[in-house]
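Working notes, structure below.
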Amino acid sequence: MNQVSCNEVVSTIYQRVKALKEKGKPANYIPELAIVEPSKFGVHIAQLNDANFGIGDFQENFSIQSISKVLSLCLAYRILGEKIWKRVDVEPSGTKFNSLLQLESDNGIPRNPFINAGALVIVDILISELENPKEDVLNFVKSLCPSGNIDYSPKVKASEKSVGYRNFALANFLKSLGNLDNEPNDVLDLYFTICSLETDCETLSEIFLFMANDGIVPHSGEKVFSKSYSKRVNALMQTCGFYDESGEFAFRVGLPGKSGVGGGIVAIYPDKYSIAVWSPGLNAKGNSYKGMKFLEDFTTETEMSIF
Ligand code: GLU
């Protein structure tokens with residue numbers, strides 16, 4: 001699709017979705033997320049042919065929350081290789097992202113790296129493998145988009161930590177089931193730190209462009225990992241990226257992607273583009289209401305989905 005028509009389609013759908021009365025509700029279990037203005041709405045598309053376009057609040061920072069789980073996974077996968085799948089599985093969970101239920105029957109092996117239990121195991125790997133995990137994770141993310149604007153938010157981290165009882169339970173449960181090498185409190189501290197990453201739609205879509213480019217950062221040429229690893233992470237985003245609504249997202253949007261309870265969604269069209277959408281109001285399953293609606297209309301009207 002040429003640049004002009006892409007920009008026009010994005011603008012038209014943006015205005016239409018912005019006007020919808022229904023907008024969902026911001027996450028209320030993390031106090032700092034509950035106070036975000038629900039009418040915020042931004043979109044940015046980064047294409048491999050450099051035809052980028054943003055609209056609305058696309059340069060405003062928001063909490064990317066679980067979208068960061070893809071980035072932690074990429075870094076851990078790059079370090080540990082296929083051994084990683086001994087610690088975490090690759091199946092959709094069909095349960096809530098912070099559920100404790102399956103973990104016992106699955107003998108401590110989380111269903112996938114994007115539910116909280118899986119992400120805690122990935123963070124445990126990062127602590128064991130990296131010299132300065134917090135700095136190294138941030139530097140890795142920044143290397144994917146050096147011109148971008150991304151950092152941890154101490155405020156969001158503290159806010160989540162103050163109420164993170166379920167994640168405390170999950171980390172202790174994982175430890176008791178033998179799938180954490182480090183102390184639960186250390187794992188939780190890094191987990192909350194990574195979840196607190198803040199950026200805007202423009203930077204987020206640029207960061208994820210390597211996932212549309214067979215694992216190579218387009219602007220620097222840096223190879224994050226192989227084409228086969230890129231295929232696997234995209235497949236995981238497709239099957240597990242949207243909590244227990246991953247089937248619905250594939251059905252309606254038809255792209256691999258990941259959402260977070262901050263209301264952000266990033267989606268990838270391999271070999272073409274990465275698109276980030278932010279609207280803090282969530283639907284009943286915890287995905288951005290307007291974000292999903294926008295992406296559904298976008299892939300339907302441009303016929304640019306992988307199916
Ligand atoms: N930090 C959030 C939690 O653990 C992440 C949730 C999400 O975005 O899915 O509850």
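Descriptive notes on the structure:
- Long-range neighbours under 8 Å by Cβ, at least six apart or interchain, first residue farther than 22 Å from Gly260 by Cβ within segment 86-107, second within 15 Å of the ligand (Cβ to nearest atom) and of a type in the set (A, V, I, L, M): Arg87/Val121
- Yes/no for Phe53 being open to solvent by 40 Å² or more (accessible area, probe 1.4 Å), of a type in the set (A, V, I, L, M, F, W, C) and touching a helix residue (DSSP H, G or I) at 6+ places or on another chain (Cβ under 7 Å): yes
- Looking across segment 125-167 at every residue that is away from the ligand (no atom under 12 Å from the Cβ) and of a type in the set (Lys, Arg), the one that is surrounded by the fewest Cβ atoms within 10 Å (Cβ to Cβ) is identified as Lys155.
- Complete set of residues in segment 112-135 that are in contact (Cβ under 8 Å) with a residue 24 or more places away in the chain and of a type outside the set (A, V, I, L, M): Asn112, Pro113, Phe114, Asn116, Gly118, Asp124, Ser128, Glu129, Pro133, Lys134
- Any chance Phe251 is closer than 24 Å to Tyr77 by Cβ and either within 12 Å of the ligand (Cβ to nearest atom) or aromatic (Phe, Trp, Tyr) (or both): no
- Positions within segment 222-234 being touching a Pro at 6+ places or on another chain (Cβ under 9 Å), in contact (Cβ under 8 Å) with a residue 24 or more places away in the chain and open to solvent by 10 Å² or more (accessible area, probe 1.4 Å), in sequence order: Asn234
- The requirement of being more than 18 Å from Phe97 (Cα to Cα), open to solvent by 10 Å² or more (accessible area, probe 1.4 Å), touching a residue at least 60 places away in the same chain (Cβ under 8 Å) and among the hydroxyl-bearing types (Ser, Thr, Tyr) is not satisfied by Ser279.
- Near pairs, Cβ below 6 angstrom, 6+ apart or cross-chain, from segment 148-173 (within 30 Å of Ala46 (Cα to Cα) and in contact (Cβ under 8 Å) with a residue 12 or more places away in the chain) to any residue that is away from the ligand (no atom under 13 Å from the Cβ) and of a type in the set (Asp, Glu): Gly148/Glu206
- Members of segment 176-199 that are under 19 Å from Gly148 (Cβ atoms) and open to solvent by 10 Å² or more (accessible area, probe 1.4 Å): Glu198
- Residue in segment 18-35 that is away from the ligand (no atom under 16 Å from the Cβ), surrounded by 18 or more Cβ atoms within 10 Å (Cβ to Cβ), hydrophobic (A, V, I, L, M, F, W, C) and at pLDDT 95 or above present: no
- If you filter segment 59-90 down to residues that are farther than 22 Å from Ser228 by Cα and open to solvent by 40 Å² or more (accessible area, probe 1.4 Å), you find that the one that is farthest from the ligand (Cβ to nearest atom) is Gln59.
- Taken over segment 110-124, residues that are within 10 Å of the ligand (Cβ to nearest atom) and within 16 Å of Met237 (Cβ to Cβ) amount to 3.
- Complete set of residues in segment 94-114 that are assigned to a loop (DSSP other than H, G, I, E, B), small (Gly, Ala, Ser) and either at pLDDT 90 or above or surrounded by fewer than 16 Cβ atoms within 10 Å (Cβ to Cβ) (or both): Gly94, Gly108
The values are calculated or read from the model by the stated rules, or taken from the named source; none is laboratory data. Keep in mind that this is a model prediction, so the values were computed, not measured. Counting neighbours? That spans all protein chains shown, and the Cβs are built from the backbone with ideal geometry, glycine included. The accessibility values were calculated without ligands, DNA or RNA, using every heavy atom of the protein model including side chains. Shrake-Rupley method; radii C 1.70, N 1.55, O 1.52, S 1.80 Å.
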